[in-house]
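The values are calculated or read from the model by the stated rules, or taken from the named source; none is laboratory data. This one's a predicted model, so the numbers in the text were calculated from it and none came from an experiment. A quick note on method: Cβ atoms are made from the backbone with ideal geometry, for glycine too, and the neighbour counts reach across all protein chains shown. All accessible areas refer to the heavy atoms of the entire protein, side chains included, with ligands and DNA or RNA removed. Shrake-Rupley method; radii C 1.70, N 1.55, O 1.52, S 1.80 Å.
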Amino acid sequence: MAQLDLRYIKKRRKKLELSLQEVAQGLGFKNASTYLKYENGEYSFKATMLPKLANILDCKIENFFTN
């Protein structure tokens, strides 16, 4: 089963020079600390969040997964 590649998500955000707060707001979170817990794997991304995240990070959903 494919797993989310959290390292890719973090690297992509940094490459685009997006702050944690910018991504958090794009996903509808009030603060960056909530998003950081998702990016660090403390919380699991929900499937419904992935299209928004792909749009924010300007990539395809498939890029988030490793085999």
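Structure notes:
- Residue that is most open to solvent (accessible area, probe 1.4 Å) [pool: residues in segment 21-66 that are more than 22 Å from Gln3 (Cβ to Cβ), in contact with a helix residue (DSSP H, G or I) (Cβ under 6 Å, 6 or more places away or on another chain) and in a helix (DSSP H, G or I)]: Gln21
- Pairs with Cβ under 6 Å, 6+ apart, first in segment 27-54 and touching a residue at least 12 places away in the same chain (Cβ under 8 Å), second charged (D, E, K, R): Leu27/Lys52; Glu39/Lys10
- Taken as a whole, the structure places Ser44 among residues that are under 11 Å from the mean Cα position of the chain (by Cα) and among the small types (Gly, Ala, Ser).
- Residue list for segment 1-20, filter: open to solvent by 40 Å² or more (accessible area, probe 1.4 Å), in a helix (DSSP H, G or I) and of a type in the set (A, V, I, L, M): Leu6, Leu20
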